Structure formats: structure tokens, C-alpha cells
Amino acid sequence: MVQKQADNPVSDLMESASFSGTAHMAGNENWSLAKGFANRADERPIAVDSRFGIASGSKIFTAVAVLQLVEQNKLELSAKLSELLPKTFPNFNATVHQLLCHTSGLPDYFDEEAMDDFEQLWQETPMYRMETPADFVPLFRDLPPVEEPGTRFRYNNAGYIALGLIIEQVTGEEFADYVEREVLAKADMSDSGYFRLDRLPKNTAYGYIEEDGSWRTNQYAIPVRGGADGGAFVTAGDMAKFWNRLMDGTLLSEEMKNRLLTVQAQQGDEAYGYGVWIEEQEGVAVKYHVMGYDPGVNFHSGYYPQQKSIVTVLSNAGEGAYDIVKAIEREKKLRG
């Protein structure tokens with residue numbers, strides 16, 4: 001990758017906003033910028049190839065894994081959760097399709113329409129016990145459905161936990177191991193993975209939470225290991241590889257890729273495919289993107305089909321990534 005300095009408006013914004021993270025553009029134009037500290041205590045600087053947590057941004061990896069199994073005739077999009085996992089979810093009749101596009105009506109262990117502090121979840125349930133999809137099930141299994149499946153789009157983390165359990169049931173493997181091999185490795189994302197917070201590999205940026213004028217790490221604020229609904233660690237360069245391998249047919253057939261990138265659910269201006277947000281202008285997609293927010297995590301990555309460009313911004317603080325993305329979009333005229 002050829003590195004060069006971005007236009008001043010982008011780097012100036014990173015400076016003026018005290019941004020901590022990396023900004024990366026790939027396609028017709030290729031550059032990377034890094035600012036801030038990966039480890040504030042030791043003042044270890046962030047590098048352009050530092051690893052960052054991406055929270056819900058990794059739902060698209062789960063969606064790709066599910067569609068791979070559909071492609072292999074091991075799973076059907078019309079299959080019901082109550083039929084696939086009858087002992088765990090005997091009364092939830094949402095389909096795989098509805099789980100993928102957040103129209104399942106499942107109760108959520110973290111309802112983003114009603115809750116805003118993810119960290120509060122772990123006051124009663126220790127975060128260090130949350131390692132696999134099954135560990136999350138007690139948080140929502142006995143709650144009543146929010147509504148009938150297919151009623152409306154309602155962003156749902158528990159639905160993706162259920163998809164992780166389905167992947168494990170169909171493949172006989174642990175979710176993280178399967179997705180690391182079948183999605184991340186096939187996309188040549190060699191620096192990415194579902195790493196434990198207490199065993200982070202080198203060149204990883206710790207997530208930080210600002211509190212009372214100082215900073216603390218997010219180690220006790222999020223699950224110890226990411227999984228089906230979020231929490232993978234990636235580099236900006238690896239995200240560019242992912243988008244390219246998704247688009248060129250390495251990860252999915254043309255049919256399945258098109259399903260993933262087709263609007264499956266919509267509410268107001270929000271449009272969603274399978275694991276991916278979609279922005280359209282006059283019925284034409286101008287941006288496919290994923291994003292993630294957790295305490296100490298702020299992430300946006302998008303593919304712009306008209307320019308075949310990719311923009312990824314990763315931050316180890318709670319905010320700032322989307323402002324950098326918008327600045328890049330304006331400067332590079334990525335959305336018309």
C-alpha cells in the first residue's frame with residue numbers, strides 16, 4: 001500500500017477533534033493516517049496497522065458465514081429458530097432471514113431503543129464469563145417476544161447471538177473458530193480475529209473510556225471475547241481486504257452477495273441488508289457500510305460502489321469516527 005498524507009481537511013479534523021485512531025482509504029486513492037495512543041499509560045502511539053475492536057461492525061462476518069452455509073445447502077433462510085434450536089428457543093419462530101435483518105421480534109439482551117449504557121449489563125453478569133454465544137442466552141431466553149416476527153425493523157443483538165448458535169449447531173464448531181477460518185482467513189485478514197481482552201496480541205489498541213477528566217480501559221466494560229453479535233478486532237487494511245473479497249466473489253457467490261447487499265428491511269431512512277447498512281439515492285446504492293459502538297470503541301467502514309472506494313475509520317475512544325468518515329466523503333465526493 002502506498003502511503004501519503006491525506007488532504008488537510010481530514011488530518012486537520014483529526015487534530016482539532018483530538019481523534020484517537022486510524023483513517024484509511026483504499027481504491028483509486030490509497031492512504032492511511034494514525035493519531036493518538038494505543039496504550040495511554042505507556043504513550044505507545046497508534047500505527048496505521050494497529051488492531052482495533054469494532055463492536056457491532058463484525059455482524060457482517062456472521063451474516064457472511066450464515067450465507068455460506070445456505071450456499072452449501074446446510075441451512076435455509078426460511079428455517080425457523082424454534083426448529084433449528086428447539087431446546088434453547090422452543091417458542092421463538094423467527095426465521096434465519098428475519099434474524100439476519102433485525103425483524104425477528106426477539107427480546108434483546110441489550111435493547112438499543114431502551115438502553116444506552118452497555119457497561120451496566122456486566123454489573124450483575126460478570127463480563128469475564130461472556131466467551132461464547134451460549135453464554136448470552138440466559139440474558140434473553142426467558143423474556144417474551146417484543147413483537148411478532150416480521151413486524152418491523154428493530155435492531156437486535158440477541159438475534160445475532162442466535163445466528164451464532166445456529167452456525168455452531170450446523171457446523172459442530174465454536175463460532176469464533178469457524179468464522180476466523182471461513183470468513184477472515186478466506187479474506188486474507190491475517191491480523192484480525194476474535195481476541196480475548198486479557199490476551200490481546202501485539203499491535204492492538206486498548207479501548208478507552210473518558211471519565212472525570214481521565215481515561216480508563218474498557219476491559220471491564222465489554223465481554224471478554226467478541227462473538228456473533230460483535231467484538232472482533234481488525235486493522236483498517238484488513239477491512240479493505242474484506243470488502244474486496246466480498247465484492248469479487250471470494251467469500252460468497254454472486255447470488256448470495258446480492259442478497260446480502262439488497263435492502264431486506266427498512267424503517268424511515270434506515271435500510272438494512274444482511275449484516276450491513278445500505279444508503280441509496282434514487283433507488284441506487286451509493287454506500288454499503290458497517291459500524292460499531294461500544295464503551296471505548298467507535299468504528300465505521302464503508303464501500304462506495306460507484307467509485308469502488310473503501311473508507312475505514314477505527315477509534316479506541318467512544319466517538320469521533322463518523323465525523324472523520326463524513327469529512328473524507330466530502331473531500332473525495334464519494335456520495336455524489
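Name the shape class, rounded, prolate or oblate, that the alpha-carbon gyration tensor gives for segment 234-336, where a ≥ b ≥ c are the square roots of its eigenvalues, rounded holds for a/c under 1.5, and otherwise prolate holds if a/b is larger than b/c and oblate otherwise.
Details: a/c = 1.44, a/b = 1.29, b/c = 1.12.
Taking the square roots of the gyration eigenvalues as a ≥ b ≥ c, segment 234-336 is rounded.
Using 1/(1 + (r/R0)^6) with R0 = 35 angstrom and r between the beta carbons of residue 76 and residue 284, what's the FRET efficiency to the nearest 0.05? Provide the component values of the computation, followed by the final result.
Details: r = 30 Å, r/R0 = 0.86.
That pair, residue 76 with residue 284, gives E of 0.70.
Check cross-link reach from residue 308 to the lysines: straight Cα distance under 28 Å, and skip same-chain residues fewer than eight apart.
In chain and number order, the partners are 4, 35, 59, 186, 241, 257, 287, 326, 332, 333.
Based on the mean of other beta carbon atoms within 10 Å per residue, what is the order of 88-100, 309-321, most packed first? Intermediate results must be reported in sequence, preceding the final value.
Working: 88-100: 20.5, 309-321: 24.7.
Per-residue Cβ counts within 10 Å, averaged per peptide and sorted highest first, yield 309-321, 88-100.
With labels modelled as points extended 7 Å from the Cα through the Cβ direction, what inter-label distance (nm, one decimal) is found for residue 188 paired with residue 28?
Reported label-point gap for residue 188 and residue 28 is 2.3 nm.
For the chain, what is Rg from Cα atoms divided by 2.2 N^0.38 Å, rounded to two decimals? Don't skip to the end; give the middle numbers.
Working: Rg = 19.0 Å, N = 336, 2.2 N^0.38 = 20.1 Å.
Working it through for the chain, the quotient is 0.95.
Taking Cα centroids, how far is segment 138-196 from segment 9-55 in Å?
28 Å
How large are Rg and Dmax for segment 275-335 when only the alpha carbon atoms are used, in Å?
Final numbers for Rg and Dmax: 11.8, 36 Å.
Return the calculated 222 nm mean residue ellipticity for the chain, to the nearest 500 deg cm²/dmol, obtained by summing -39500 (n - 2.57) across DSSP H runs with n ≥ 4 and dividing by the residue count.
Working: 10 runs with 86 residues, N = 336.
Rounded to the nearest 500, the figure is -7000 deg cm²/dmol.
Assigning unit charges at the beta carbon (Lys, Arg +1; Asp, Glu -1) and nothing else, what dipole magnitude in debye, to the nearest 20, does segment 8-332 show about its Cα centre?
Details: 28 positive and 49 negative charges, 161 e Å.
Result for segment 8-332 is approximately 780 debye, rounded to the nearest 20.
For segment 221-272, rounded, prolate or oblate, judged on the Cα gyration tensor with a ≥ b ≥ c (square roots of eigenvalues), a/c < 1.5 rounded, else prolate if a/b > b/c?
Details: a/c = 2.20, a/b = 1.19, b/c = 1.84.
It is oblate, given that a/c is not under 1.5 and a/b is not larger than b/c.
Values in this text are rule-based calculations from the coordinates and carry no lab data. Because the structure is a prediction, the values reported are computed rather than measured. We place every Cβ from the backbone using ideal geometry, glycine too, and count neighbours over all the protein chains shown.
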